[in-house]
């Protein structure tokens with residue numbers, strides 16, 4: 001008899017190989033996204049672990065095709081991955097963390113609504129604590145292949161188990177300045193299986209980590225080729241071109257430019273309605289006929305220095321002498337809670 005849930009069965013088979021005979025705590029979605037519900041994931045299984053340290057191993061069901069084959073690509077199942085997430089736990093803790101389930105549903109909702117797909121070595125600034133109302137330094141996430149589950153083939157196509165790893169703001173800055181791929185081994189040396197521990201300090205408190213990041217950036221530059229920013233855009237302003245950035249992201253853009261352009265690499269910024277690509281060379285600012293919403297900015301080293309001087313997290317409009325006709329407008333960033341209330345303003 002042919003199964004009606006071949007994708008779900010394949011995921012369960014992979015989990016049974018890792019956790020033979022173990023019954024997970026499974027949180028099933030009542031009102032599925034496909035039927036008009038609010039949550040894209042059909043369910044999340046939480047496995048309690050004691051080794052190598054106590055943690056929950058969460059695995060999602062819903063980013064891939066769990067039932068019949070509907071997507072056109074025969075080689076991949078759905079979005080091509082399922083999320084996994086490892087959260088530190090007390091050995092006596094028997095109930096999985098609901099905040100983690102909500103977080104994974106929000107990640108899935110981001111993919112379903114924007115079409116932006118996560119891959120290994122991708123990153124995301126969470127603009128606040130990973131668990132709302134929690135006093136934690138974990139305020140960003142990076143993605144890597146789950147070290148134990150890897151990837152599987154299903155009747156609906158390939159599925160990668162993509163692990164979400166919570167990191168601190170300082171660690172996130174280090175990945176932007178250098179590389180997620182190269183930073184993760186430093187993290188793995190200190191966090192078994194790259195679990196997310198909301199009570200930990202930043203590993204950048206370790207001078208050896210700072211030295212490794214500094215040397216890596218000096219030799220390699222930054223691997224951050226593009227940034228998707230909710231607070232970025234540009235528009236003509238008379239004879240000028242005005243770049244508009246949120247105060248929260250301005251320093252990150254400056255760091256990325258320094259890590260890219262001097263090494264001969266470009267940096268692309270994508271905002272809600274427009275994009276811009278920055279590169280090094282003979283000074284030029286303009287668009288091409290078939291991409292009027294895409295700005296090309298080619299900077300000399302002097303023009304780059306001028307632009308960096310005004311990419312500061314302070315609201316205001318500033319000219320960039322030496323990079324005319326660029327003008328930079330920094331707007332305040334409002335951090336909101338789930339109810340939409342402003343909890344913090346930057347800039």
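Here, each number is a calculation from the coordinates, and none is a lab measurement. Note that the structure is a prediction, hence the values are computed from the model and not measured. Note that each Cβ is placed from the backbone with ideal geometry, even for glycine, and that neighbours are counted across all protein chains shown.
What to note about this one:
- When 134, 217, 268 are arranged by Cβ crowding within 10 Å, least crowded first, meaning fewest neighbours, the order is 134, 268, 217.
- Of 105, 309, 176, the one that fluctuates the most in a GNM where the chain has Cα springs shorter than 10 Å: 309
- Residues 138, 44 in ascending order of nearby Cβ atoms (within 10 Å, fewest first): 138, 44.
- Semi-axis lengths, Å, region 75-153, gyration tensor of Cα atoms, sqrt of 5 times eigenvalues: 23, 17, 12
- In region 152-267, Cα pairs under 8 Å separated by at least six residues give a relative contact order of 27 percent.
- Note on residue 302 and residue 116: the model spin-label points, each 7 Å out from Cα along the C-beta direction, lie 3.6 nm apart.
- Remark: relative contact order (region 1-120) = 23 percent; criterion is Cα-Cα distance under 8 angstrom and separation of 6 or more residues.
- Here the chain carries DSSP beta bridges of which approximately 70% are antiparallel, counting only pairs with both residues inside.
- Note: relative contact order over the chain, using C-alpha pairs below 8 Å and six or more positions apart, is 11 percent.
- Per-selection Kirkwood Rh - region 173-267 (Cα, Å, 1 d.p.): 15.2
- For region 22-77, a Kirkwood radius taken over Cα pairs fed into Stokes-Einstein (20 °C, viscosity 1.002 mPa s) yields D = 164 µm²/s.
- Kirkwood Rh and Cα Rg combined as Rg/Rh, the chain: 1.00
- The calculated FRET efficiency for the pair residue 207 and residue 26, based on their C-beta separation and a Förster distance of 45 Å, comes to about 0.55.
- Part-to-part distance (alpha-carbon centres) for region 24-64 and region 225-246, which is given in Å: 38
- Estimated distance in nm for a label pair at residue 132 and residue 72, the labels positioned 7 Å out from Cα along Cα-to-Cβ: 3.7
- Taking every DSSP helix (H) stretch of at least 4 residues in the chain, weighting each as -39,500 (n - 2.57) and dividing the sum by the residue count yields a mean residue ellipticity at 222 nm of -7500 deg cm²/dmol.
- Volume of the convex hull of region 1-157 (Cα atoms only), normalised per residue: 141 Å³.
- Here the simple spin-label model places points 7 Å from the Cα toward Cβ, and for residue 312 and residue 294 these points are separated by 3.4 nm.
- Residue of 48, 97, 40 that the Gaussian network model of the chain assigns the largest fluctuation, springs spanning Cα pairs under 10 Å: 97
- Computed FRET value (nearest 0.05) for residue 16 with residue 235, which takes r as the C-beta separation and R₀ as 41 Å: 0.15
- Cα-only radius of gyration and Dmax that characterise region 226-335, units Å: 12.6, 38
- Using alpha-carbon coordinates, inclination of helix 301-310 to the longest axis of the chain, degrees: 70
- Treating r as the C-beta distance of residue 242 and residue 345 and R0 as 25 Å, the FRET efficiency rounds to 0.70.
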